[in-house]
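The values are calculated or read from the model by the stated rules, or taken from the named source; none is laboratory data. Computed from a prediction, not measured in an experiment: that's the story for all the values here. FYI the Cβ positions are ideal-geometry reconstructions off the backbone, even for glycines, and counts take in every protein chain you see. What goes into the accessible areas is simple: the full protein's heavy atoms, side chains included, and nothing from ligands, DNA or RNA. Shrake-Rupley method; radii C 1.70, N 1.55, O 1.52, S 1.80 Å.
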Number of protein chains: 2
Amino acid sequence: MAASLEDTGVTYGELADLEAEFEDVETEIIRKQFEMTKPLYEKRERLVSQIPNFWPLVLEQAPPDIDEWIQPTDSAVLLMSLTRLSVSHFEIENGGNGEPRSVSIRWEFNENDYFEDRVLEKKFWYRRSPEGYTALVSEPVEIRWKEGKDLTNGLLSLVKAVWDEEQQNGVTANKKEKKPLTAKQQALKAKIEEVGLGGQSFFCWFGYIGDRISAEESAAASAKEAENRARKRAGQPALPEAEEKEDEDDEDDDDDELEIFPAGEEVAIAISDDLWPGALKYFIHAQEDDEISDREFEEMMDQDSDEDDEMEE
Amino acid sequence: MAASLEDTGVTYGELADLEAEFEDVETEIIRKQFEMTKPLYEKRERLVSQIPNFWPLVLEQAPPDIDEWIQPTDSAVLLMSLTRLSVSHFEIENGGNGEPRSVSIRWEFNENDYFEDRVLEKKFWYRRSPEGYTALVSEPVEIRWKEGKDLTNGLLSLVKAVWDEEQQNGVTANKKEKKPLTAKQQALKAKIEEVGLGGQSFFCWFGYIGDRISAEESAAASAKEAENRARKRAGQPALPEAEEKEDEDDEDDDDDELEIFPAGEEVAIAISDDLWPGALKYFIHAQEDDEISDREFEEMMDQDSDEDDEMEE
């Protein structure tokens, strides 16, 4: 079915402007939410830090968006060694005036049989591309696996090597010229094809990169958008469109085919927007599943005989 | 894995209280969001009312949570005749001080071959059960199908008949006494078993009921919760727990087995929290898929030859 803005008094630009206004208000709401919930998160931290298995239990109750990626071995590692999970909106913390949608997800571990790290922290930057879309982008986080214990089958260290090489060569140049894959990239691609991504460890998530949008590109794109909206209001013509890269589609494909955890952004959002704010709820569910408070326990005892009777009916 | 609040200084009650505080702040945020976005929604309404196929195009781009329920015939009916969709937070509109999570979803139609109605409006009330959980509950909305055109195969009118009967007999009494199914309920159950619910029309969603929690029960449960939190703060003991209905589980099963659209609440939330606020974004996507603005069109024409060259490589 064809869209029909023709023959209406409405232009595409008007709709896009209004959509941008919605986005601005949404950003403002996220800021307010951050301020209003801050004391509650601090209180929660004080309480749950006294419960040794709080976060493993929350993860056990994680919604499907997250749970589907956690393999049995991952689950065992998390249950045995995860001591703390925390999400910070690092660009607006401590009075910062940055992007409220950027998040850092920090995992703290006890000593364990799988890796040396006691902290794994992965940052996601909310960025606007020169073409105008927004995305969470990240960088691979290395894990120092113990001998023979790499749950990612080498994928994570390969993706890190490819990333380091890309940083050294300069991302933009590399992308624009559409160079053939480097030896490291070829090795990563071959490894991905060899092991497949179905059923790979959740720890591959630490290797997610996403689109290559630098802080500078993002700032320029946002500034341009703001400028265009101001011009619109003043009845002036918009700035020229970003030069579309001719090989944009192919390029995205390249990035994607070297991505070891393509759903990295969705999982980050599920953690920061669902698991993190809902942690108490999930923990309480775990309590209700596994154990019960004393008062409830007594009540259940009173009813148990009735229920048994019913079941026997 | 057993939850372990024992041996910690933390009680179940402290966690539940904090969770309730989070909920209160969340309610406050939803109110603020409503106020802050109100002028934008009004502006949007003025713009999109000039675009005849706005809402059908938005629905074509609906996220999977909604799209998966729309069968090809539903889709054809919506495309041909849906003129307007709107979501209202009816308990806080016009200065109301009610529950901001209650929503009414209103569909407006042109004359069409399937039903007589020009407006179908379904309300969802956010209620707290005597046991303490919260849910969106609703009532079946009848559709006056034209001869031989009932897309729900009679399910919707059966569920309405059962509902009316339930209202007449008094819900609570019926539930508590765990009566056997009435003739109408048996007919509905048999019909559900006969046609199955897989692949049924989206219009069955209008028959969703959900848990039976009356406004009075909900108000009492909320008042009691607030009272308990005040007592807690004052160091007083909590009020006695709600009397658990012994047959609670069975009863829920009864309700569920007579539900013709069990995912009704999830779909309502997807519409009110995703499709409705994101309608411009979805429409813009549709535009980008199907058609393009003049400026973009010109630019694409400039690039087309290059792209063709590339594809031929």
Which residues, counting only those in region B:100-120, are within 12 Å of the chain's Cα centre (by Cα) and over 13 Å from B:Glu265 (Cα atoms)?
B:Arg106
For residues that are over 29 Å from A:Ala219 (Cα atoms) and touching an Asp or Glu at 6+ places or on another chain (Cβ under 8 Å), scanning just region A:112-144, find the one that is most open to solvent (accessible area, probe 1.4 Å).
A:Arg144
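Conditions tested, residue by residue: (1) touching a residue at least 12 places away in the same chain (Cβ under 8 Å); (2) within 30 Å of A:Glu227 (Cα to Cα); (3) not polar (S, T, N, Q).
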| site | (1), (2), (3) |
| --- | --- |
| A:Pro64 | no, no, yes |
| A:Met80 | yes, no, yes |
| A:Arg84 | yes, no, yes |
| A:Glu93 | no, yes, yes |
| A:Ser102 | yes, yes, no |
Can you name the number of the only condition in (1) under 26 Å from A:Glu28 (Cβ atoms); (2) of a type in the set (A, V, I, L, M, F, W, C); (3) open to solvent by 30 Å² or more (accessible area, probe 1.4 Å) that B:Val48 fails?
(3)
Could you check region B:92-111 and list, in sequence order, the residues that are crowded, with 17+ Cβ neighbours inside 10 Å and not hydrophobic (A, V, I, L, M, F, W, C)?
B:Glu99, B:Pro100, B:Arg101, B:Ser102, B:Ser104
Looking only at region A:263-285, and only at residues there that are of a type in the set (D, E, K, R) and within 14 Å of chain B (Cβ to nearest Cβ), the one that is least open to solvent (accessible area, probe 1.4 Å)
A:Asp274
Which one is farthest from the chain's Cα centre (by Cα), of the residues in region B:213-236 that are touching a residue at least 40 places away in the same chain (Cβ under 8 Å) and more than 11 Å from B:Pro130 (Cβ to Cβ)?
B:Lys232
Within region B:130-150, is there a residue that is free of Cβ contacts under 8 Å to residues at least 24 places away in the same chain, part of a helix (DSSP H, G or I) and over 21 Å from B:Ala270 (Cβ atoms)?
no
Count of region A:39-97 residues which are among the basic types (Lys, Arg) and out of contact with any helix residue (DSSP H, G or I) (no Cβ under 7 Å at 6 or more places or on another chain)
1
Scan B:Gly95, B:Gly132 and give me the residue that is away from every other protein chain (no Cβ under 14 Å), at positive phi and not aromatic (Phe, Trp, Tyr).
B:Gly95
Options A:Ala226, A:Ala220, A:Ala215; residue that is surrounded by fewer than 17 Cβ atoms within 10 Å (Cβ to Cβ) and either β-branched (Val, Ile, Thr) or at pLDDT below 90 (or both)
A:Ala226
For region B:59-81, check the following and say yes or no: at least one residue is closer than 19 Å to A:Glu19 by Cα, surrounded by fewer than 17 Cβ atoms within 10 Å (Cβ to Cβ) and more than 9 Å from every other protein chain (Cβ to nearest Cβ).
yes
Would you say A:Lys189 is in contact with a helix residue (DSSP H, G or I) (Cβ under 8 Å, 6 or more places away or on another chain), in contact (Cβ under 8 Å) with a residue 60 or more places away in the chain and open to solvent by 40 Å² or more (accessible area, probe 1.4 Å)?
yes
Which residues, taken from region A:202-231, are polar (S, T, N, Q) and more than 18 Å from A:Glu265 (Cβ to Cβ)?
A:Ser222, A:Asn228
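A quick yes/no check of all residues on (1) under 13 Å from B:Ile92 (Cβ atoms); (2) at the interface with chain A (Cβ under 7 Å from one of its Cβ atoms); (3) surrounded by 14 or more Cβ atoms within 10 Å (Cβ to Cβ):
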site	(1), (2), (3)
B:Gly9	no, yes, no
B:Leu18	no, yes, yes
B:Glu23	no, no, yes
B:Ile30	yes, no, yes
B:Gln33	yes, yes, yes
B:Arg44	no, yes, yes
State whether one or more residues within region B:151-162 are in a strand (DSSP E or B) and over 21 Å from B:Ile66 (Cβ atoms).
no
Can you report the number of residues in region B:46-58 which are facing chain A (nearest Cβ under 9 Å) and either under 17 Å from B:Ala270 (Cα atoms) or within 19 Å of the chain's Cα centre (by Cα) (or both)?
2
Condition check: away from chain A (no Cβ under 12 Å) and over 24 Å from B:His285 (Cβ atoms). Does B:Ser88 satisfy that?
yes
